[in-house]
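Have a look at the structure below, then the notes.
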Amino acid sequence: MSLSDPLGDLLTRIRNAQRARQTRCVAPASRLRTDVLDVLKREGYIRAWRVEQERPGVSRIEIELKYSEGEPAIKEITRISKPGRRVYSKIKELPKFYNGLGISILSTPRGVMSDTEARTANVGGEVLCRVF
């Protein structure tokens with residue numbers, strides 16, 4: 001099975017699992033997905049994630065979702081840059097999401113990082129998704 005948008009698939013799996021109040025979510029592994037999950041963990045939106053080997057050459061990611069007082073930590077997660085329409089932003093033109101309460105995840109020449117990390121590094125890039 002091939003996917004045209006693997007990151008969009010990951011975000012949809014997380015969104016659906018949190019709506020169903022599940023504690024864990026499973027997705028196929030890739031480098032971009034692990035980088036985005038690393039940013040989500042650093043920013044406190046998920047508890048943890050780990051890569052498991054299903055069989056030789058095939059890995060999957062198990063994600064522990066985070067809840068506070070029964071409510072999901074991620075209220076909204078949307079894909080911005082899609083395969084049919086890539087969205088790039090200079091760091092000075094990157095708007096704050098929900099007045100700084102949410103984050104944007106960017107793919108920059110220095111790696112995948114949140115908008116606050118990109119502002120401190122003064123580097124722009126492709127806006128992958130927004131999380132609140």
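If the condition is being among the small types (Gly, Ala, Ser) and touching a Lys or Arg at 6+ places or on another chain (Cβ under 9 Å), then segment 86-132 contributes GLY102, SER104, SER114, ALA118, ALA121, GLY124, GLY125.
Taking the numbered list (1) touching a residue at least 40 places away in the same chain (Cβ under 8 Å); (2) open to solvent by less than 20 Å² (accessible area, probe 1.4 Å); (3) within 14 Å of LEU32 (Cβ to Cβ) in turn, GLU126 passes all entries but (2). Restricting attention to segment 55-88 and to residues that are hydroxyl-bearing (Ser, Thr, Tyr) and within 19 Å of GLY8 (Cα to Cα), the residue that is most open to solvent (accessible area, probe 1.4 Å) turns out to be TYR88.
Looking at GLN53, GLN22, just one residue is farther than 17 Å from PHE132 by Cβ and assigned to a loop (DSSP other than H, G, I, E, B), and that residue is GLN22.
Taken over segment 98-122, the residue count meeting the criterion of being open to solvent by less than 20 Å² (accessible area, probe 1.4 Å), assigned to a helix (DSSP H, G or I) and not aliphatic (A, V, I, L, M) is 1. Name every residue in segment 68-93 that is under 22 Å from ARG33 (Cα atoms) and either among the aliphatic types (A, V, I, L, M) or without any contact (Cβ under 8 Å) to a residue 12 or more places away in the chain (or both), in order of residue number. Within segment 68-93, ALA73, ILE74, ILE77, ILE80, GLY84, ARG85, VAL87 meet the criteria. Restricting attention to segment 26-38, does a residue exist that is within 9 Å of the chain's Cα centre (by Cα), surrounded by 13 or more Cβ atoms within 10 Å (Cβ to Cβ), among the hydrophobic types (A, V, I, L, M, F, W, C) and under 20 Å from GLY102 (Cβ atoms)? There is at least one residue in segment 26-38 that is within 9 Å of the chain's Cα centre (by Cα), surrounded by 13 or more Cβ atoms within 10 Å (Cβ to Cβ), among the hydrophobic types (A, V, I, L, M, F, W, C) and under 20 Å from GLY102 (Cβ atoms).
Residues of segment 84-116 being farther than 22 Å from TYR45 by Cα and polar (S, T, N, Q), which ones? Passing the criteria: only SER89. Within segment 63-78, the set of residues being in contact with a Phe, Trp or Tyr (Cβ under 6 Å, 6 or more places away or on another chain) and in a loop (DSSP other than H, G, I, E, B) comprises ALA73, ILE74, LYS75, GLU76.
For segment 60-108, taking the residues that are of a type in the set (Phe, Trp, Tyr) and modelled with pLDDT of 95 or more, the one that is farthest from ARG31 (Cα to Cα) is identified as TYR67.
The values are calculated or read from the model by the stated rules, or taken from the named source; none is laboratory data. The structure presented is a predicted model; accordingly, all values stated were derived computationally and were not measured. Here Cβ is always computed from backbone atoms with ideal geometry, including for glycine, and neighbour counts include all displayed protein chains. Just so you know, the surface numbers come from the protein's heavy atoms only, side chains and all, with ligands and any DNA or RNA stripped out. Shrake-Rupley method; radii C 1.70, N 1.55, O 1.52, S 1.80 Å.
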